[in-house]
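Below you'll find the structure, written out as C-alpha cells, and then a few comments.
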Amino acid sequence: MFLIRFLIIAICVLYIVRSLARLFLPMLFQGMVNKAQQQQFNRQQQYRQQETKRPESRLKVDYVPPTPKNAIPDNEGDFIDYEEVK
C-alpha cells in the first residue's frame with residue numbers, strides 16, 4: 001500500500017514539475033538572451049565611442065607607394081633553380 005501511494009505521489013510531483021518547467025524555462029531563457037544582447041550592444045557602443053575619441057596624430061601620410069604584385073613574399077622562403085640530371 002505504501003509503495004503504491006509513493007508511486008502515485010511521485011508521478012504527480014514529476015508531472016507538476018514538468019508542467020511548471022514548460023511554463024517558466026522559456027521565460028527564463030528569454031530573459032537571459034535579452035540580457036546577453038543588451039550587454040553585446042553596450043560593448044559595441046563603447047567600442048564605437050573609443051574609435052571616435054582617438055587623438056589625431058600630427059603626422060599625416062598622403063602617399064603610400066604601391067607594393068609590387070609579382071614579387072615573392074618574404075615568408076615564401078628562398079627559391080633555388082635546379083637542373084634535372086639524367
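Report every pair of residues separated by at least 6 positions or lying on different chains whose Cβ atoms are under 9 Å apart, first residue within the range 58-86 and part of a loop (DSSP other than H, G, I, E, B), second modelled with pLDDT of 75 or more and among the aromatic types (Phe, Trp, Tyr).
That search, which allows pairs on different chains as well, returns nothing.
Return the only residue of GLU83, GLU76 being modelled with pLDDT under 75, open to solvent by 100 Å² or more (accessible area, probe 1.4 Å) and acidic (Asp, Glu). Give the steps one after another, and end with the answer.
Values: GLU83 fails: modelled with pLDDT under 75.
Answer to the selection: GLU76.
The values are calculated or read from the model by the stated rules, or taken from the named source; none is laboratory data. Keep in mind it's a predicted model, so treat the numbers as computed, not measured. Methodologically, a virtual Cβ is constructed for each residue, glycine included, from the backbone with ideal geometry; neighbour enumeration extends over all protein chains shown. Calculation scope for accessible area: heavy atoms of the full protein, side chains included, ligands and nucleic acids excluded. Shrake-Rupley method; radii C 1.70, N 1.55, O 1.52, S 1.80 Å.
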